[in-house]
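The values are calculated or read from the model by the stated rules, or taken from the named source; none is laboratory data. Since the model is a prediction, treat every value here as computed from it, not as a measurement. Quick reminder, even Gly has a Cβ in these numbers, built from the backbone with ideal geometry, and neighbours come from all protein chains shown.
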Amino acid sequence: MSTLLQRKMSAPLDEAALMEEILARKAALGQELLILTHHYQRQEIVSLGDARGDSFALSRKAADSGKARFIVFCGVHFMAESAAILAQPHQTVQIPDPQAGCLMADMVDLDLVSMAWEELSEIVGPGMISPIVYMNSDASLKAFCGRHGGAVCTSANARIALPWGLAQREKVFFFPDQHLGRNTARLLGLGPEDLIVWDPEQPLGGNRPDDIRRARLILWDGHCHVHTRFTVEHVLRRRQEFPGAKVVVHPECTEEVVALADACGSTDFIVEYVRQAEPGATVVVGTEINLVARLALEYPDRQVLDLHYSLCPNMFKINPAKLLATLENLGEVNVVNVPEDIKSEARLALDRMLALKL
Ligand code: 13P
Ligand code: SF4
């Protein structure tokens, strides 16, 4: 009888027993197993991981982890899928809950992007646009970028990837997060007149042909509901409650929130920002609540506060029971498979990202 079936027929393990069982399996597998955990995972999961990081650091780790036969990715599906694209042939990548998706990634698909690409190319001519896709996207869109001379980017390297795209061609088409695109454009000194937003439900994305010809950056009309929940009022309230506090936010926040913050960067950047804060300092963090809560625990000598409570329900789907069920069925359940043709083109776009100098 399988362990899973035995488990179903007996009482569920309590939290402590689950953790113990996972640790025992990890110890038995040694370097054959690599558990990657994103910063937004709940504390129990992060404590069981071999490496934690932002989506860029974890994709690097997946690409460099030749010794591990089994990679278990505790994060959302697009992250595990990127690890599967970068993994070597002897490796399998599994995600403890394949339903852990990303609402932002679901705001775009290959058909919509292909239609937009055709419309844009008719207006500006062929070979004028670099497509750059945010890591938070389906593999088919990464493959689209690989095929059309573009690249993937994450919030940790968008400020390098966008200029790279503009150096290749006159314009960049960036999807799906308009806020990361706009905040990066500001950093690069591009003004509002250089940007347009592409609404897939409108003809020409809701733009006039002249605006498309003039634009340097075409931003997909997508967003992360976890980060756009933060408002200007939240920042003003925290500043009033804690004068002297530093505010750090993720670039998926709106530009109004970013403009009021002291610093903005990827989840790894935020972790480093809190680490470098002086003991006694107050740091207000505008990102997913599990990361903020963990930073508060890890740095008790400084005050780490959330800008507002905001939880990613998909990240939260991963829990120790699902992780154990995956470890009990290594190489068998919830394996992330990417068809070979998509994999090779997506890999091109991911490799272009990994080659960028940070
Ligand atoms: P990072 O690239 O900072 O890890 O962010 C991923 C993400 O999903 C943020 O919402
Ligand atoms: Fe997607 Fe936002 Fe959750 Fe990140 S925080 S995985 S972008 S929904």
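Output the residue which, of all residues in the stretch 1-52 that are of a type in the set (Val, Ile, Thr) and modelled with pLDDT of 90 or more, is farthest from ligand 2 (Cβ to nearest atom). Checked the stretch 1-52; the qualifying residue farthest from ligand 2 (Cβ to nearest atom) is ILE22.
State whether the residues of the stretch 276-289 include one that is free of Cβ contacts under 8 Å to residues at least 24 places away in the same chain, under 22 Å from the mean Cα position of the chain (by Cα) and assigned to a helix (DSSP H, G or I).
Of the residues in the stretch 276-289, the ones free of Cβ contacts under 8 Å to residues at least 24 places away in the same chain are 276, 279-280, 289.
Those left that are additionally under 22 Å from the mean Cα position of the chain (by Cα): 289.
With assigned to a helix (DSSP H, G or I) added as a condition, the list becomes 289.
Looking for residues that are free of Cβ contacts under 8 Å to residues at least 24 places away in the same chain, under 22 Å from the mean Cα position of the chain (by Cα) and assigned to a helix (DSSP H, G or I), one finds at least one in the stretch 276-289, hence yes.
For the stretch 299-311, indicate whether the set of residues that are in contact with a Leu (Cβ under 8 Å, 6 or more places away or on another chain), surrounded by 15 or more Cβ atoms within 10 Å (Cβ to Cβ), of a type in the set (D, E, K, R) and in contact (Cβ under 8 Å) with a residue 24 or more places away in the chain is non-empty. No; the residues of the stretch 299-311 include none that is in contact with a Leu (Cβ under 8 Å, 6 or more places away or on another chain), surrounded by 15 or more Cβ atoms within 10 Å (Cβ to Cβ), of a type in the set (D, E, K, R) and in contact (Cβ under 8 Å) with a residue 24 or more places away in the chain.
Here the condition is being away from ligand 2 (no atom under 16 Å from the Cβ), more than 21 Å from HIS77 (Cβ to Cβ) and at pLDDT below 95; of PRO200, PRO192, it holds for PRO192 alone. Residues of the stretch 25-35 that are surrounded by fewer than 20 Cβ atoms within 10 Å (Cβ to Cβ) and either assigned to a strand (DSSP E or B) or of a type in the set (Phe, Trp, Tyr) (or both): LEU33 alone.
Quick check on my filter: what residues within the stretch 172-207 are within 16 Å of ligand 1 (Cβ to nearest atom), in contact with a helix residue (DSSP H, G or I) (Cβ under 8 Å, 6 or more places away or on another chain) and not aromatic (Phe, Trp, Tyr)?
Of the residues in the stretch 172-207, the ones within 16 Å of ligand 1 (Cβ to nearest atom) are 174-184, 187.
With in contact with a helix residue (DSSP H, G or I) (Cβ under 8 Å, 6 or more places away or on another chain) added as a condition, the list becomes 174-176, 179-184, 187.
Correct list: PRO176, HIS179, LEU180, GLY181, ARG182, ASN183, THR184, LEU187.
Criterion applied to GLU44, GLU81, GLU21 was being within 16 Å of ligand 1 (Cβ to nearest atom) and in contact (Cβ under 8 Å) with a residue 60 or more places away in the chain, and the one residue passing it is GLU81. When the stretch 75-108 is limited to residues that are in contact with a Ser or Thr (Cβ under 6 Å, 6 or more places away or on another chain) and more than 23 Å from VAL133 (Cβ to Cβ), the one that is surrounded by the most Cβ atoms within 10 Å (Cβ to Cβ) turns out to be PRO96. Inside the stretch 267-282, can you point out the residues that are surrounded by 17 or more Cβ atoms within 10 Å (Cβ to Cβ) and of a type in the set (A, V, I, L, M)? If the condition is that a residue be surrounded by 17 or more Cβ atoms within 10 Å (Cβ to Cβ) and of a type in the set (A, V, I, L, M), then ILE270, VAL271, VAL274, ALA277 are the ones that fit.
Kindly indicate the residue of the stretch 227-270 that is of a type in the set (Phe, Trp, Tyr) and part of a loop (DSSP other than H, G, I, E, B) and also farthest from LEU58 (Cα to Cα) among those meeting that condition. My answer is PHE242. Given the criteria crowded, with 23+ Cβ neighbours inside 10 Å and out of contact with any Pro (no Cβ under 8 Å at 6 or more places or on another chain), does GLY206 qualify? Criteria not met by GLY206.
Give LEU217, LEU180, LEU236, LEU141 a once-over and let me know the one that is more than 15 Å from ligand 2 (Cβ to nearest atom), buried (at least 18 other Cβ atoms within 10 Å of the Cβ) and aliphatic (A, V, I, L, M).
Details: LEU180 fails: more than 15 Å from ligand 2 (Cβ to nearest atom); LEU236 fails: buried (at least 18 other Cβ atoms within 10 Å of the Cβ); LEU141 fails: more than 15 Å from ligand 2 (Cβ to nearest atom).
Selected residue: LEU217, the only one of LEU217, LEU180, LEU236, LEU141 that is more than 15 Å from ligand 2 (Cβ to nearest atom), buried (at least 18 other Cβ atoms within 10 Å of the Cβ) and aliphatic (A, V, I, L, M).
The stretch 136-196 holds helices (runs of 4 or more DSSP H) entirely within its bounds, and those carrying 2 or more residues that are within 22 Å of the chain's Cα centre (by Cα) and under 22 Å from ALA84 (Cβ atoms) map to 139-147. When LEU295 is tested against (1) more than 30 Å from GLN31 (Cα to Cα); (2) in a helix (DSSP H, G or I), exactly one condition is not met: (1). One residue is enough: does the stretch 55-75 have a residue meeting the conditions modelled with pLDDT under 95, more than 16 Å from ligand 2 (Cβ to nearest atom), closer than 24 Å to VAL292 by Cα and not β-branched (Val, Ile, Thr)? Yes: one or more hits.
Can you tell me which residue in the stretch 270-316 is farthest from ALA158 (Cα to Cα), limited to those that are among the aromatic types (Phe, Trp, Tyr) and more than 15 Å from ligand 2 (Cβ to nearest atom)?
First, pick out the residues of the stretch 270-316 that are among the aromatic types (Phe, Trp, Tyr): 273, 299, 309, 316.
With the extra rule that they be more than 15 Å from ligand 2 (Cβ to nearest atom), the set shrinks to 273, 299.
Numbers: TYR273: 18, TYR299: 29 Å.
Here the answer is TYR299.
Each residue in the stretch 239-258 was checked for being more than 16 Å from ligand 2 (Cβ to nearest atom) and touching a residue at least 60 places away in the same chain (Cβ under 8 Å), and 4 of them qualify.
May I ask you to list the residues in the stretch 249-284 that are within 20 Å of ASN136 (Cβ to Cβ) and aliphatic (A, V, I, L, M)? Before you say what the answer is, go through the steps one by one.
First pass over the stretch 249-284, keeping only residues within 20 Å of ASN136 (Cβ to Cβ): 249-255, 257-258, 264-271.
Across the stretch 249-284, the qualifying residues are VAL249, VAL257, VAL258, ILE270, VAL271.
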